[in-house]
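Encoded as structure tokens, the structure appears first; notes follow it.
The values are calculated or read from the model by the stated rules, or taken from the named source; none is laboratory data. Predicted model only: the values in this text are computed from it and were never measured. In this analysis, Cβ positions are derived from the backbone assuming ideal geometry, glycine residues included, and neighbour counts consider all displayed protein chains. We work out accessible area using only protein heavy atoms, side chains counted, and drop any ligands, DNA or RNA first. Shrake-Rupley method; radii C 1.70, N 1.55, O 1.52, S 1.80 Å.
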Amino acid sequence: MKGDYDAVLDAGLVLASTPADIVSQTNDKVDEIKVYGQDLLSEVNSEFSVLDEVKVLRNTLHKQLDSLKWEMLALQGYIEGCDSGTGACVVPQPTTAGLVLGSQFYLCGGADEHSANGVGAQMSDGRENPACNTPTGGDSKCPCCTTCHSIILDVESVQGQLPTEADIDDLNQELPVDDLSATIDEAMGDWDSSLRDFEEQLEPVDDGVVEAKKYVTANQIDGIAAGLFLLTWIILICVMCAMVLSMIKGALGDLGGICWWFAFILTVIYLICVVCPFFGIFTLVAVPMESMCAVIPAQGESAEHLFKLLEAQGDVDEQVKMLVNDCVLATNGYIWPAADLTKADIDEQLQAEFDLGDKIDKQDMADTFDIVGKTADFNQEDVNGLDSGEGSYGISLSCPPELAGLSAACGTYQQDMTTYSNDLKDRMDSVKAIASSVNDTINQLADLAASVNATINGLEERANKARGDMVSMIWDVGTCELIAGAYNGMREPLCDGVAAGVFGTWGALFIQAWFLLLLLFLINKASKIAFRHRHPDVKLGQDSAAIAPDPANEKPPPANDADNKENAPVPPADMQGGEPST
């Protein structure tokens, strides 16, 4: 029982301090989970950096489309010329700032031909575009580049449909990592209140254990137990000595009689002063302790009877009841139900802040990244179809009939047409190169957009998994192993050890009391038997002087000396040989 007593006291201190330990350990582990969760969410957020690549490629495409538009506009101005009143029709070169054709340029606006004559643009050799003049040099209508106008409109349409940087930035829904700690705290709420209340309920246990350790030690209990039964062994030893010695005639036999007296008196004192009082004391302890252990539930049992007992002394907080039922006594229990928390509650709170599915509209994202659809108006084949050969845009490399026989004029005409054709080819080659770059960038952007779309869709799953991992980790932190172990660590040695030992001692004292009463009776009877064995000729009540005569001087009494015997004084029975009588 010594070890159980120490175990009960130690477990009582552990149990009393366990709620505070749980609060401290849980807070520490939750802080670790917060750091872990911030790392997970930061990894998710880092994936949004790919949107910067999308913006860079989108801006590159937009600039390329600008370049294509400006080159097409310059080409159109070169072909369609200026108003007839213009002196020199010079087409400016596109710059990074763009290209604006002055009001002197007479553009067809998509029509097949001009409504009036115009002035041809200045060619690379400084001469006027011959397609805007008659073969003889008179004013004429410049040709129209309907393809140029159509491509410019297509480019502007594509530019208008491309996602803006703001559209792309709207998809950058980085999770508020810095708010994670506050969100978890809010989700957990006042979770430790039940433990604080339970700790207050255990304060008497803590105080009682401290007092018990101060005034009662396990060694003292062992000393009391040893003392209780040491006297029994002393009595038994006296009885055994009396039994042996009292059967011997002579002085040793008289010593045995004294042992009978000593055993008798010691038994009476032991029974009255020790056994009976301790039996009463252990009755006051054993019976209530046995009843107490019947009320204190083991793990897996109901605490209904315990709550009824506690409620008889005052109200018991409902959270404390839930803590006991769902945590202390439950197998694989958790502290969260006592705090009125469920996994769904914690997950719902985190989901409100960290669910990408609620922050990103997948349809909007799909529309934003539909680069193929947004650039469908651009057709590289239209650009590649531009031709600077014979018959295109007023080009005629042969000498016209109007100049027949005029070799010089015909040569000049053909030279101007050749220069015009070459200039067109150079401009068209430049446009086609830009269009090729545009097409490549469109393909790259489409591939990147599709990849980013899949990545962001995958981020939702990763964010949800990170959130689920955090919820599970927070939930697992609230395991009741610590407090349940402390409770069982106190109950088992208390009820299976101390209570059983106290009840056993109480029963032993009860049996011992009856044994001592029986022993008194046996001592009385055995002492008389031993006395008769040593003095067969002495009757009870005879003078003790006659009990042990001198053997050397002893003579047999005369046969007719009956009168002398009858007249001898008779000593009290309790003085004959020292043996107790009744």
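All conditions but one from (1) over 24 Å from SER437 (Cα atoms); (2) within 60 Å of the chain's Cα centre (by Cα) apply to GLY110; the one that does not is (2). So which residues in region 410-425 are open to solvent by 20 Å² or more (accessible area, probe 1.4 Å) and either in a loop (DSSP other than H, G, I, E, B) or without any contact (Cβ under 8 Å) to a residue 40 or more places away in the chain (or both)? GLY411, THR412, GLN414, GLN415, THR418, LYS425, listed by residue number. In the condition set (1) modelled with pLDDT of 90 or more; (2) in a helix (DSSP H, G or I); (3) small (Gly, Ala, Ser), GLY126 is compliant with all but (2).
Filter region 110-133 down to the residues that are closer than 20 Å to GLY85 by Cβ and open to solvent by 50 Å² or more (accessible area, probe 1.4 Å) and list them by number. Once the filter is applied, which keeps residues that are closer than 20 Å to GLY85 by Cβ and open to solvent by 50 Å² or more (accessible area, probe 1.4 Å), region 110-133 yields GLU113, SER115, ASN117, GLN122, ARG127, GLU128.
The set of residues from region 369-408 being aliphatic (A, V, I, L, M), farther than 21 Å from ALA433 by Cβ and touching a residue at least 12 places away in the same chain (Cβ under 8 Å) comprises ILE371, VAL372, ILE395, LEU397, LEU403. Is region 76-95 home to any residue that is surrounded by 22 or more Cβ atoms within 10 Å (Cβ to Cβ), of a type in the set (Phe, Trp, Tyr) and part of a loop (DSSP other than H, G, I, E, B)? Looking through region 76-95, none of the residues is surrounded by 22 or more Cβ atoms within 10 Å (Cβ to Cβ), of a type in the set (Phe, Trp, Tyr) and part of a loop (DSSP other than H, G, I, E, B). Selection of region 148-167 for residues being among the β-branched types (Val, Ile, Thr) and buried (at least 19 other Cβ atoms within 10 Å of the Cβ) yields ILE151, ILE152, VAL155, VAL158. Look at region 441-463: where a residue is closer than 14 Å to ILE168 by Cα and a partner is not in a helix (DSSP H, G or I), sitting 6+ places away or on another chain with Cβ atoms under 6 Å, you get ALA449/PHE369; ASN453/PHE369.
The residues of region 336-385 that are open to solvent by 60 Å² or more (accessible area, probe 1.4 Å), part of a helix (DSSP H, G or I), over 30 Å from LYS425 (Cβ atoms) and modelled with pLDDT of 90 or more, listed by number, are ASP367, VAL372.
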